[in-house]
Amino acid sequence: MSMYSLKSYSSILKESGIKPSFQRVKIMEYLKNNLIHPTVNDIYDALIDEIPSLSKTTVYNTLNLMKEHSLVRVLNIDEVEARYDINVSMHGHFMCKKCGEVKDVPISTAENIFCGMEDYELDTIDVNLVGVCPECRKKEKLN
């Protein structure tokens, strides 16, 4: 169970300059409660029964608005479709090419990663790793 309420999601949106419509609040709630780096389709499929008037365009536009206000990050780790991350702190991502799961990966400070770039001002750091996760490797060994 989340420590947030719909009222607090509404407040987060308001504080960020976004009008907190019911659909926007529910999308934020989904992101906060499902740290799976979902796609637009994942969010739409999860919420359509609860919000029959929801469209994929609304989900996409809401995510774009949240991105513009630094509430989500867009991940381009998946070659098929963009994924969204509510965790905007500095971290990387690992995508398993077998099961498709995307997991957060801690990274050290930018200074350690980008040695020799002291004169550059970095706004965004994307660290994307792709390979096979431990669970899928175990399955491969069993077969």
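Brief remarks on what is shown
- Within region 132-141, restricting attention to residues that are in contact with a Cys (Cβ under 8 Å, 6 or more places away or on another chain) and not in a loop (DSSP other than H, G, I, E, B), the residue that is farthest from LYS97 (Cα to Cα) is GLU135.
- Residue list for region 99-131, filter: modelled with pLDDT of 80 or more and either over 26 Å from VAL72 (Cα atoms) or assigned to a strand (DSSP E or B) (or both): VAL102, LYS103, ASP104, VAL105, ASP119, ASN128, LEU129, VAL130, GLY131
- Flag for VAL102 being farther than 23 Å from SER5 by Cα and under 11 Å from the mean Cα position of the chain (by Cα): yes
- From the list ASN128, ASN33, ASN76, ASN61, the lone residue that is free of Cβ contacts under 8 Å to residues at least 12 places away in the same chain and open to solvent by 60 Å² or more (accessible area, probe 1.4 Å) is ASN61.
- Screening GLY92, GLY116 for residues that are free of Cβ contacts under 8 Å to residues at least 12 places away in the same chain and of a type outside the set (Val, Ile, Thr) leaves exactly one candidate, GLY116.
- Among the residues of region 79-99, those that are open to solvent by less than 20 Å² (accessible area, probe 1.4 Å) and either closer than 18 Å to PHE22 by Cα or within 11 Å of the chain's Cα centre (by Cα) (or both) comprise TYR84, ASP85, HIS93.
- Condition check for MET66: surrounded by 13 or more Cβ atoms within 10 Å (Cβ to Cβ) and either modelled with pLDDT of 95 or more or in a strand (DSSP E or B) (or both): yes
- Residue check, LEU122 exposed (fewer than 15 other Cβ atoms within 10 Å of the Cβ), in contact with a Phe, Trp or Tyr (Cβ under 8 Å, 6 or more places away or on another chain), more than 25 Å from LYS139 (Cα to Cα) and without any contact (Cβ under 8 Å) to a residue 60 or more places away in the chain: yes
- For region 4-26, the set of residues classified as open to solvent by less than 70 Å² (accessible area, probe 1.4 Å), assigned to a loop (DSSP other than H, G, I, E, B), closer than 17 Å to THR58 by Cβ and not aliphatic (A, V, I, L, M) consists of PRO20, SER21, listed by residue number.
The values are calculated or read from the model by the stated rules, or taken from the named source; none is laboratory data. On a predicted model such as this, the values are computed, not experimentally measured, just so you know. Glycine gets a Cβ as well: all are built from the backbone with ideal geometry, and neighbour counts include every protein chain shown. Calculation scope for accessible area: heavy atoms of the full protein, side chains included, ligands and nucleic acids excluded. Shrake-Rupley method; radii C 1.70, N 1.55, O 1.52, S 1.80 Å.
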